[in-house]
Amino acid sequence: MPHRRFTIIAVAVVLIVLVAWLGHSTNREVEAIVQQQLGEQQLLLARQSAAGIESFLEEKTVLIEVLAADATDTSPEGMAQSFIPIYYRSRGFFAIQFVNSTGVVVSGYPAEDTPVGFDLYKANKNQAFDRARDRRETYITDPTPLFEGGLGSYAWVPVYDDDEFKGVILAVIRISTLSRQFLADAIPEGHGYMYMIDHSGYSLYDGAHEEMIGKKYIGSFCANNSSYAEILREQIQKRGGTDYYFDEITGERQIVAYTPVVWRDRVWSVATSVPASEAETLIRSVYHKQMLFIAIVITIILAGSSGIVLIFSRWNKELEDEVERKTEDLQRSNMELEAANTRLLELDRLKSEFVSMVSHELKTPLTSIKTSADVLKSLSGSKKDDRTEKEMLAIIDRNIERQRRLVNDLLDVSRIETGNLKLSLEPVDLYDIIRESVESRRTRPEGMGVPLHVESMRTIAEEIGIPIHLDLQGESPTITGDRDRLVQVFVNLIGNALKFTKEGEIRICARTVDGHPEIRVSDTGIGIPPEELNRIFDKFHQVDSGLTREVGGTGLGLAICKGIIEGHGGSIRAESEVGKGSTFVILL
Ligand code: ADP
C-alpha cells in the first residue's frame, strides 16, 4: 500500500508540474500574441489617421485646383472674391492668397492674413513658384513656420487663362488644424501618443513632446537611441510597420506603429507610440485569470488524487480485514479438522484396543470352559470322579460369571454412551448406601479372588490386611438416586483401592460441603501419575504398570462410575500422588 500511495502522489506532482509548465508556456504565447495584437491595433489607428489627413489635404487641393481651372476674373479683387465661399464652405484653410505672375502677393482671404505686396519669389520661394508655373500642376512645399506661429503647409496651384500664365493660388493649411482633428485625440490620454514627421524627419506634430514640433528628431531628441533612429529612418523612407524602442526618459519600452501620409508628391509619416506596458496590463489580467485557473486545476488534481488515495486505502483495509477474517476462519476450521482427526485416530486406537481386549477377554474364559467340558466328557464313560467333576463345573461357572460381568460392563458402557442408562431414582440414604457397599456380601469383584465367592468388601479387605475406615460426618443426607447403581460405584472404587494397595488402609469420608454431599474414597496404594488422572475415566484406559497387568481388569469400571455419577447430576475426579495413594472425590 505505501508504494501505491507514493505512485499516486508522484503522478499528482507530475500533473501539477505539467499544468504549471503548460500555463507558463501558454502565458508566453499569449504575451507574444497580445503584443502583436496591440501593435496591429496601433498600426490600424495610425492608418486611419493617415487616411483622414490624406483625404483632408486632397480635398482642399482639389477645391483650389477646380477654382484655378474655373477662374474667369483673374484680377486681384476677382480672385479674392472667389476665395471667400471656398474658405467658408471648406473649413481648414488658414488663408488663400493670389500671387501674380511675378511672384508678389496681390490679394487673398482673409485680408488680415494676406501679406499683400510681399514678394514671395524673392523671399526664397522661387523654386516652388517656378515649378507650379512651368509644370502647370499643383506643387506642395514643405511645412514652414507661419508668421503667426505654428507650422503651415502650402499648395501652389497655377492659374492659366488658356496659355497665359496669370499667377498662382497659394493655399495655406495650418498643420495644427490637421493634428487637432486627426492626431491629438486618437489615443486616450495616458495610454500613448501620436506624432507626425515630414519626409526629411522634421516633427510636424508630437502629442508628448510639443517642444519638438518644427525640429528634427534625429540628432537631438533621440541622439543615443539607435532603435528609435532606426524607426525614424524607416518612416522617412516611406515605409509602414510596427517596432519597439526603449524610451530612456520614461524608462519604458515603446511600441511604435507608423504609416506614410501621401499628399501628391510629398510623403509624411504618422505614428503612434504606446508603452509596451499597455500590453502587459492586458497580459496581467489574462495571467491572473490563468493563475486562478491553474490553482483550480491543481486543487482539483490534489483533491482527486487524495480522494483516490483514500478510496484505495479503504479498499485495501477492507481487503486486509476480509483476508484476516478468512485466514482466521481457515485456521479455526484447520484446528477443528485437526481435533476431529485426533479424535478419529483416538477412536480408531480405542476400537483396536477394544477388539483385541474383548476378543482376549472372551476367548480366555471360553477356552477354560471348553477345556473343562472336554474333561467332563472324557469322564462320562469311565468311573465317576466326583471331585474332578465338581472342580470342572466350578471352572465353568467361574468363567461364565467372568463373561457375564464383562458383557454387563460392556452393556453399561454402551448404554452410557448412547444415553440409554436407565436410573431408578428414589430418595435414598447416602450413608446407608456407603455402609451397604462395604458390608453387604456379594460375589468378589474382578481381580479379588474367585468371583463366585460371596463376601463383603470389608471381609476381603481384612483378608489382605488392609482395613477400611468409614468417616461419615454429620446427618446422613437423603438424596434422589438409584441405590443399586450408586452401590455399584462405591464397590468399584473400593475394589480398585484394594487392588492397587499393598499396605496401609482405605478410608471413606463423607460430608456435606456447601449443601452438597461429598464422598472421598482414599487409599495408600501405588497412586496414579498426574497425566493419567483424567484419562483413567476413559473406557478401556488402564495405567501402564506391572501391577495393573498383574491384577488384570478391563478398564471399564471408572468409565461406568463416571457415567452413573454424571447421570445423577454429580461429578467424579481423582487426586493422587504416585507411591502415596489415590483419592476419588464424588460430588453429588
Ligand atoms: P480396571 O480396574 O478394570 O482396569 P478401571 O476403570 O476401574 O478399570 O480402572 C482403570 C485404571 O485406573 C486401572 O487399570 C488402574 O490403572 C487405574 N486405577 C483405578 N483405581 C486406582 C487406584 N485406586 N489406585 C491406583 N490406580 C488406579
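Observations, loosely collected:
- Selection of first residues in the range 234-261 that are more than 13 Å from Leu38 (Cβ to Cβ) and of second residues that are acidic (Asp, Glu) and at pLDDT 90 or above, restricted to Cβ pairs under 8 Å at least 6 apart or on distinct chains, gives the following pairs, ordered by first then second residue: Glu234/Asp243; Gly241/Glu234; Tyr258/Glu234; Tyr258/Asp243; Val261/Glu54.
- The residues of the range 141-169 that are touching a helix residue (DSSP H, G or I) at 6+ places or on another chain (Cβ under 8 Å), aromatic (Phe, Trp, Tyr) and farther than 13 Å from Ala71 by Cα, listed by number, are Tyr154, Trp156.
- Among the conditions (1) closer than 29 Å to Gln36 by Cα; (2) in a helix (DSSP H, G or I), the only one that Thr177 does not satisfy is (1).
- So Ile528, is it in contact with a strand residue (DSSP E or B) (Cβ under 6 Å, 6 or more places away or on another chain), at pLDDT 90 or above and near the ligand (Cβ under 8 Å from one of its atoms): yes
- Evaluated against (1) crowded, with 18+ Cβ neighbours inside 10 Å; (2) out of contact with any Leu (no Cβ under 8 Å at 6 or more places or on another chain), Glu148 falls short on exactly one condition, (1).
- Taken together, the residues in the range 295-342 that are in contact with a helix residue (DSSP H, G or I) (Cβ under 6 Å, 6 or more places away or on another chain) and acidic (Asp, Glu) amount to 0.
- Considering the range 570-588, and only residues there that are exposed (fewer than 15 other Cβ atoms within 10 Å of the Cβ) and in a strand (DSSP E or B), the residue that is farthest from the ligand (Cβ to nearest atom) turns out to be Ser571.
- Candidates Thr524, Thr512 - the one that is surrounded by fewer than 21 Cβ atoms within 10 Å (Cβ to Cβ) and closer than 18 Å to Gly465 by Cβ: Thr524
- Any chance Val521 is within 11 Å of the ligand (Cβ to nearest atom), β-branched (Val, Ile, Thr) and not in a loop (DSSP other than H, G, I, E, B): yes
- Some residue of the range 468-480 being among the polar types (S, T, N, Q), buried (at least 17 other Cβ atoms within 10 Å of the Cβ) and closer than 23 Å to Ser582 by Cβ: no
- Scope the range 177-188; condition more than 19 Å from Thr114 (Cα to Cα) and not basic (Lys, Arg); matching residues: Leu178, Ser179, Gln181, Phe182, Leu183, Ala184, Asp185, Ala186, Ile187, Pro188
- Filter pass, Gly504 being within 13 Å of the ligand (Cβ to nearest atom) and either free of Cβ contacts under 8 Å to residues at least 24 places away in the same chain or part of a loop (DSSP other than H, G, I, E, B) (or both): yes
- Some residue of the range 400-422 being out of contact with any helix residue (DSSP H, G or I) (no Cβ under 8 Å at 6 or more places or on another chain), at pLDDT below 80 and either basic (Lys, Arg) or more than 30 Å from Pro477 (Cβ to Cβ) (or both): no
- Index of the failed condition, Arg485 passing every other in (1) surrounded by 21 or more Cβ atoms within 10 Å (Cβ to Cβ); (2) within 15 Å of the ligand (Cβ to nearest atom); (3) farther than 17 Å from Gly555 by Cα; (4) charged (D, E, K, R): (2)
- Here Ser153 meets the list (1) hydroxyl-bearing (Ser, Thr, Tyr); (2) touching a residue at least 40 places away in the same chain (Cβ under 8 Å); (3) out of contact with any strand residue (DSSP E or B) (no Cβ under 6 Å at 6 or more places or on another chain); (4) part of a strand (DSSP E or B) almost entirely, failing just condition (3).
- Contact map, the range 206-224: first residue of a type in the set (Asp, Glu), second residue part of a loop (DSSP other than H, G, I, E, B) and at pLDDT 85 or above, Cβ cut-off under 7 Å, separation 6 or more or different chains; pairs are Asp206/Ile213.
- Cβ-Cβ under 9 Å pairs, at least 6 apart or on other chains, the range 471-500 side within 17 Å of Ile416 (Cβ to Cβ) and touching a residue at least 12 places away in the same chain (Cβ under 8 Å), far side within 15 Å of the ligand (Cβ to nearest atom) and aromatic (Phe, Trp, Tyr): Leu493/Phe584
- Flag if Leu204 is surrounded by 16 or more Cβ atoms within 10 Å (Cβ to Cβ) and either touching a Pro at 6+ places or on another chain (Cβ under 9 Å) or assigned to a strand (DSSP E or B) (or both): yes
- Hits in the range 116-140 (condition: without any contact (Cβ under 8 Å) to a residue 40 or more places away in the chain and touching a helix residue (DSSP H, G or I) at 6+ places or on another chain (Cβ under 6 Å)): Tyr121, Phe129
- For the range 24-78, a residue qualifies if it is charged (D, E, K, R) and part of a helix (DSSP H, G or I), and the qualifying residues are Arg28, Glu29, Glu31, Glu40, Arg47, Glu54, Glu58, Glu59, Lys60, Glu65, Asp70, Glu77.
- Any hit, the range 295-312, residues being surrounded by 11 or more Cβ atoms within 10 Å (Cβ to Cβ) and within 30 Å of Ser200 (Cβ to Cβ): no
The values are calculated or read from the model by the stated rules, or taken from the named source; none is laboratory data. Since we're looking at a predicted model, the values are computed, not measured. Please note: Cβ atoms are built from the backbone with ideal geometry, for glycine as well, and neighbour counts cover all protein chains shown.
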